[in-house]
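Peer 1: Would you mind keeping the following structure in view while I ask a few things?
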Amino acid sequence: MEQFFALQPVQHRLTRERITVTTLYLQGTIAENWGMDVAKAVNQMIAGDSYTDSWAEFVTVFLNNFGIPNEGNWAIHELKTLYQGNVPVNEYIGEFERLRRIANLAPEQCLYEFQVGLKPAITKELLLQRPIPATLAEWHLGAREEEQRQQQVTQFMRNQAMYRSGSHTHPAHHSSAPRQSSRPKERDPDAMDIDAIGQARLRQLEQRQKPPQRKNPPRDSRPQGPRQAPTRNN
């Protein structure tokens, strides 16, 4: 709360305001009831055990009533409930090591808590390694490397999806083959007209392959009389 007030020195410059705001964040039945009594005494200026007009005195009374009796036990409890969640591995390791030093625990005493607190996907991959990391320092290193590997895989899959959807374009590839000019080639005037000769020979072959036409026999131009039916002999 003191850091919060330091960020807003003008808005919460009065001791009465700081005490009242702090009591609003108290949790737990006993602490909430105590805070309500203090806030009422301060705002209404009711003399008694709950009243105080000094921030330092308020902090002392609060710590005496609700302070942590054993910081080491508190740190052990925090270690057992610490999870990486969505924060980076380095941030999780930093907070874990801070609590481990407060609890005065050796690395091997809290290895299990570190494994459980990591993201399940990272813990699973490290347990599949051969050999499995054995010390807390090895788990620190392995967790960092595995997080980096998973990030690279995720980025690759994202790029592949973009490429398949057509949103990713590649620069045009220029062919190294020489380009052919569209300008027509100039013909040598002294050269033979090969095309004309070829077409003439083709016509000759076609003429030879045609079957000869049959001529109709000449018709008799003499006048013909009426045809008589043949007679039968008796």
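Peer 1: Dipole of region 72-165 (Lys/Arg Cβ +1, Asp/Glu Cβ -1, origin at the Cα centre): which of LEU127, TRP139, MET157 lies farthest to the positive side?
Peer 2: Going by the charge dipole, the pick is MET157.
Peer 1: In region 71-109, which chymotrypsin sites (Phe, Trp or Tyr not before Pro) are in a loop and have at most 16 other Cβ atoms within 10 Å, using DSSP for the loop call?
Peer 2: TYR83
Peer 1: Taking other Cβ within 10 Å of each residue's Cβ, how do ILE30, ILE122 sort, fewest first? Please report the intermediate quantities before stating the final value.
Peer 2: Details: ILE30 10, ILE122 22.
Ranking ILE30, ILE122 by Cβ neighbours within 10 Å, fewest first, gives ILE30, ILE122.
Peer 1: Arrange ILE93, ILE46, ILE19, ILE102 by Cβ neighbour counts within 10 Å, fewest through most, would you? Write down the numbers at each step before the final one.
Peer 2: Details: ILE93 19, ILE46 11, ILE19 24, ILE102 15.
Least crowded to most crowded, the residues run ILE46, ILE102, ILE93, ILE19.
Peer 1: Something else now. Under a Cβ-only charge scheme (Lys and Arg +1, Asp and Glu -1), can you give me the dipole magnitude of region 72-165 about the Cα centre, in debye to the nearest 20? All intermediate terms of the calculation are to be shown ahead of the outcome.
Peer 2: Values: 11 positive and 11 negative charges, 63 e Å.
Taking the Cα centre of region 72-165 as origin, the dipole is about 300 debye.
Peer 1: Let me ask something else about it. Using only Cα atoms, locate the centre of region 21-99 and the centre of region 150-166, then give the distance between them in Å, rounded to an integer.
Peer 2: 46
No lab work stands behind these numbers, since they all come straight from the coordinates. Not measured: the values here are computed from a predicted model. Reconstructed Cβ throughout: ideal geometry from the backbone, glycine too, with neighbour counts over all protein chains shown.
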